[in-house]
Amino acid sequence: MDFRNLWPSLDLIIDAGPIIQNQGNRNGSTIVDLSVKGEYKIVRDGCAKDQTVKILKEFGLKEIHD
């Protein structure tokens, strides 16, 4: 499937490589909402959640909770 029609609407894409099996977990992508400056919200957990959260925190972003 091709998502080129969405590209003009995106501000940022982070690609950390292929999905790998992590401790028996082969979930899909971790989806993050970055629409609020300086904050993030995990929309969907995925196989890269822990690594993603670590990077976001290293850049000083704060997690939004519902």
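The values are calculated or read from the model by the stated rules, or taken from the named source; none is laboratory data. Please read these numbers as outputs of a predicted model, since none were measured by experiment. Here the Cβ positions follow ideal geometry from the backbone for every residue, glycine too, while neighbour counts run over all protein chains shown.
If only residues of region 1-30 that are surrounded by 10 or more Cβ atoms within 10 Å (Cβ to Cβ) and of a type in the set (A, V, I, L, M, F, W, C) are counted, the one that is modelled with the lowest pLDDT is Ile19. Within region 29-42, is there a residue that is free of Cβ contacts under 8 Å to residues at least 60 places away in the same chain and over 18 Å from Asp11 (Cβ atoms)? So far as region 29-42 goes, no, none of its residues is free of Cβ contacts under 8 Å to residues at least 60 places away in the same chain and over 18 Å from Asp11 (Cβ atoms). When Gly60 is tested against the conditions (1) in a loop (DSSP other than H, G, I, E, B); (2) modelled with pLDDT of 80 or more; (3) touching a helix residue (DSSP H, G or I) at 6+ places or on another chain (Cβ under 9 Å), the lone failure is (3). Close Cβ contacts (under 7 Å, 6 or more residues apart or on different chains) running from residues in region 55-66 that are over 15 Å from Ile31 (Cα atoms) to residues that are surrounded by 12 or more Cβ atoms within 10 Å (Cβ to Cβ) and not β-branched (Val, Ile, Thr) comprise Leu61/Glu39; Leu61/Tyr40; Lys62/Glu39.
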